[in-house]
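Report on the following structure.
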Ligand SMILES: NCCCC[C@H](NC(=O)[C@@H](N)CCCCN)C(=O)O
């Protein structure tokens, strides 16, 4: 008896790669909005009289609801309960609503630069304009993380048993073009037009992302009609009982800690790197974000290369250690006050790009070696939750410390004085995080030896 293998839409190369491109486009728009104001700190200080604490509050708000309202757990449950199609549309709408609120605050449509509000948790006095800009970004942060989890699940659905590692790598690479674009060109656009217009342009991309998700849903519905039985059998749904098993696993905690320490030295760097370039390396305001933009740009090429080295040769734990060592060198160089040459900054961001390719290329594919497949969905949601503590806390801490160690500088800048921030004390935060990342990576290698997770073994059996 012959078993005819049923062909589905995902067996068509064209269909599954089309699905991937559409999904990736929305993530591209999401990553774009995440970094839209990153290169604009000097412009915001000059034109909107904001200080570093204001900038820190707004940029850190990304993780606020994700961390304190447990939104990553909630969206994990929503994705599980209502599925991919519901989650694509709701996550895109949340991104647009958050983006629109942030735009409206910058435009002066909600909140005011003259009315103030006290935030007791961090003892900050903010204008209501800054408060609403942060509130919008907090809403957006929920949407983009929700979209990220949904897209990961959708990619797995289309590429399971096919080019899944390549597809996931491509998806992250396309998304990272979204970090690159505003970092490289945002300041020039904001100086040509203004800060609110720059934000509005990216809100339009978010709306296009929603349109893309609608189109994806048509494909997803067709696929579901073909794989109803199979689709119900996937084991990556969010469960509280799984969380209990996961949090009892020390290897998992080491990955989650590495994730928070590591990403806290990179994503917050996107926020303050441009300002560091202006204040320490003398780069012009228009091109503040250009050197930092080389970080996501380089990772687009290098992450898939390091990923395939891990696939074929193994050495996952060692790759993570190497990445952490590079991070110490990079942030050490940014910390040292006498290194102020743009050439040094250039080579340093290249090194950061290599580190930012090494660690994620080994870290994300290592999770399935530590956590059983049926708990993977919950594990990723939990790791993202831990990671968001850093995405919230570090930009805020950096902004506050920068203001405290540079009294009067923001006011002087707003008054038009040519004065620079001294970033040295503030950068200690990044140096400490890199050391913690290295210690965690070393402990992970030790734990791998003890438990035999196989982190040093190839992913593809030869
Ligand atoms: N399969 C997991 C891929 C994760 C990619 C990773 N994204 C994140 O960590 C997000 N939680 C945060 C995205 C922040 C947006 N700039 C990545 O390396 O981008």
Original post:
What number of residues within region 102-125 satisfy the criterion of being surrounded by fewer than 22 Cβ atoms within 10 Å (Cβ to Cβ) and either within 25 Å of residue 194 (Cα to Cα) or touching a strand residue (DSSP E or B) at 6+ places or on another chain (Cβ under 8 Å) (or both)?
Top reply: 15
Original post:
What residue, of 78, 93, is out of contact with any strand residue (DSSP E or B) (no Cβ under 7 Å at 6 or more places or on another chain) and at pLDDT below 95?
Top reply: 78
**OP:** State whether one or more residues within region 65-82 are within 26 Å of residue 190 (Cα to Cα), crowded, with 24+ Cβ neighbours inside 10 Å, within 16 Å of the ligand (Cβ to nearest atom) and under 16 Å from the mean Cα position of the chain (by Cα).
**Re:** no
**OP:** State yes or no: is residue 22 in contact (Cβ under 8 Å) with a residue 60 or more places away in the chain, in contact with a helix residue (DSSP H, G or I) (Cβ under 9 Å, 6 or more places away or on another chain) and more than 26 Å from residue 426 (Cβ to Cβ)?
**Re:** yes
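Please return the ranges of helices (runs of 4 or more DSSP H) entirely within region 345-451 where 1 or more residues are within 20 Å of residue 319 (Cα to Cα) and either in contact (Cβ under 8 Å) with a residue 12 or more places away in the chain or in contact with a helix residue (DSSP H, G or I) (Cβ under 6 Å, 6 or more places away or on another chain) (or both). Give the derivation first.
Values: elements: 376-405, 409-414, 424-451.
Because the criterion is at least 1 residues that are within 20 Å of residue 319 (Cα to Cα) and either in contact (Cβ under 8 Å) with a residue 12 or more places away in the chain or in contact with a helix residue (DSSP H, G or I) (Cβ under 6 Å, 6 or more places away or on another chain) (or both), the helices (runs of 4 or more DSSP H) in region 345-451 that meet it are 376-405, 424-451.
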Subject >> Of the criteria (1) surrounded by 15 or more Cβ atoms within 10 Å (Cβ to Cβ); (2) modelled with pLDDT of 90 or more; (3) under 17 Å from residue 251 (Cβ atoms), which one residue 449 fails >> reply: (1)
**OP:** Tell me which of these residue 459 doesn't satisfy, since it passes every other one: (1) in contact (Cβ under 8 Å) with a residue 40 or more places away in the chain; (2) buried (at least 18 other Cβ atoms within 10 Å of the Cβ); (3) assigned to a helix (DSSP H, G or I).
**Re:** (3)
Subject >> Residue check for residue 140: assigned to a helix (DSSP H, G or I), in contact (Cβ under 8 Å) with a residue 12 or more places away in the chain and touching a strand residue (DSSP E or B) at 6+ places or on another chain (Cβ under 7 Å) >> reply: no
Original post:
How about region 165-179: which of its residues are at pLDDT 85 or above and near the ligand (Cβ under 7 Å from one of its atoms)?
Top reply: 172, 175, 176, 179
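The values are calculated or read from the model by the stated rules, or taken from the named source; none is laboratory data. Bear in mind the structure is a predicted one, so any value in this text is a computation, not a measurement. We place every Cβ from the backbone using ideal geometry, glycine too, and count neighbours over all the protein chains shown.
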